[in-house]
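S.K.: Pasting a structure here, questions to come.
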């Protein structure tokens with residue numbers, strides 16, 4: 001069973017509602033239909049019903065079991081406007097401007113996931129990353145103390161000798177142009193968490209550079225080495241089962257023979273399943289190359305938020321968009337499980353009688 005088929009299988013047991021902000025786009029309609037046919041949950045398309053139905057009829061796409069919401073006529077719009085005005089950034093916005101903001105489908109979708117009207121959001125089908133990222137950053141609560149949002153590409157390389165049966169998690173490939181040491185460390189742990197969610201395997205995180213363990217010394221290589229040390233320290237402090245090493249060149253991270261030849265011995269070297277790039281240039285290029293050379297690349301999967309979301313490429317096909325929606329749905333299952341565990345722990349602590 002392929003990686004994405006295992007994702008489908010797991011999601012079928014707990015189907016989710018995924019909102020597509022670009023609901024009038026043909027690929028969104030096709031991906032929504034495929035999402036439903038696979039038994040993964042309910043697709044929610046944002047847009048004008050007449051336009052969506054006409055496109056579906058023209059392309060002979062069955063239109064039953066879709067959710068369609070036009071933000072302009074939605075019954076939730078007044079409540080969402082009130083929610084928006086409670087946020088510090090929007091307190092003096094006024095009702096008319098709040099309404100105008102939420103007529104943007106990306107803002108409306110972000111509000112839907114924040115207030116439980118949908119379980120996850122998949123955008124970017126016909127818009128740049130910033131169009132989805134900006135409303136998510138403004139409306140969805142961050143996770144963790146760092147308040148850092150980054151992104152991952154989940155790459156199925158087709159090489160079972162690499163990563164987790166051919167699967168790699170790459171980060172950051174879409175958000176932070178030039179991360180500092182503390183940001184790189186946070187990105188590493190966020191990507192490790194996603195790897196654990198998707199594979200159940202121990203994350204083995206390689207902090208990548210053009211140098212391996214001091215074979216070259218520059219401010220850039222020293223930054224990567226410092227980020228690796230900080231990520232290890234943070235993982236130990238939080239009792240996370242994560243292995244981190246760096247700085248490593250890509251071959252030393254992925255190929256046991258290269259790691260041996262370069263004299264690197266660690267739990268990560270030659271066995272990495274998570275690759276952390278030193279900047280957005282290298283991360284984004286790597287994600288594109290995976291696609292070009294025949295692998296499957298799913299993402300950007302956004303990390304660092306309390307609600308699951310993803311930004312797909314404007315060049316992604318329907319199969320890839322559907323797969324990304326499934327990954328987002330799987331994240332929603334895990335996030336709900338973690339929230340329930342946290343709520344149970346709080347309740348248990350509250351019930352515990354005070355010691356005298």
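S.K.: Residue by residue through the range 290-326, note down the ones that are part of a helix (DSSP H, G or I) and out of contact with any helix residue (DSSP H, G or I) (no Cβ under 6 Å at 6 or more places or on another chain).
M.R.: Answer for the range 290-326, where residues must be part of a helix (DSSP H, G or I) and out of contact with any helix residue (DSSP H, G or I) (no Cβ under 6 Å at 6 or more places or on another chain): 290, 291, 292, 319, 320, 324.
Quick grid of which residues meet (1) modelled with pLDDT of 95 or more; (2) on the phi < 0 side of the Ramachandran plot; (3) surrounded by fewer than 22 Cβ atoms within 10 Å (Cβ to Cβ):
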site: 84; (1), (2), (3): no, yes, no
site: 87; (1), (2), (3): no, yes, yes
site: 91; (1), (2), (3): no, yes, yes
site: 99; (1), (2), (3): no, yes, yes
site: 118; (1), (2), (3): yes, yes, no
site: 124; (1), (2), (3): no, no, no
site: 130; (1), (2), (3): no, yes, yes
site: 139; (1), (2), (3): no, yes, no
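S.K.: How many residues does the range 205-257 contain that are in a helix (DSSP H, G or I) and farther than 17 Å from residue 170 by Cβ?
M.R.: Within the range 205-257, residues that are in a helix (DSSP H, G or I) and farther than 17 Å from residue 170 by Cβ number 17.
S.K.: Could you list, in sequence order, all residues of the range 25-54 that are surrounded by 19 or more Cβ atoms within 10 Å (Cβ to Cβ) and not in a helix (DSSP H, G or I)?
M.R.: Selection gives 25, 40, 41, 43, 44, 45, 46, 47.
S.K.: So which residues in the range 198-234 are surrounded by fewer than 18 Cβ atoms within 10 Å (Cβ to Cβ) and at negative phi, if there are any at all?
M.R.: 201, 202, 210, 215, 216, 217, 218, 219, 220, 222, 229, 233, listed by residue number.
S.K.: Of all the strands (runs of 3 or more DSSP E) wholly in the range 115-202, which have at least 2 residues that are more than 13 Å from the chain's Cα centre (by Cα) and touching a residue at least 40 places away in the same chain (Cβ under 8 Å)?
M.R.: 167-171
S.K.: Specify which of the listed residues (86, 129, 73) is within 26 Å of residue 333 (Cα to Cα) and out of contact with any helix residue (DSSP H, G or I) (no Cβ under 7 Å at 6 or more places or on another chain).
M.R.: Answer to the check: 129.
S.K.: Looking at (1) loosely packed, with under 14 Cβ neighbours inside 10 Å; (2) in contact with a strand residue (DSSP E or B) (Cβ under 8 Å, 6 or more places away or on another chain), find the lone condition where residue 59 falls short.
M.R.: Answer for residue 59: the failing condition is (2).
S.K.: Test residue 287 against the stated conditions and say whether it is in a helix (DSSP H, G or I) and touching a residue at least 24 places away in the same chain (Cβ under 8 Å).
M.R.: yes
The values are calculated or read from the model by the stated rules, or taken from the named source; none is laboratory data. Computed from a prediction, not measured in an experiment: that's the story for all the values here. Quick reminder, even Gly has a Cβ in these numbers, built from the backbone with ideal geometry, and neighbours come from all protein chains shown.
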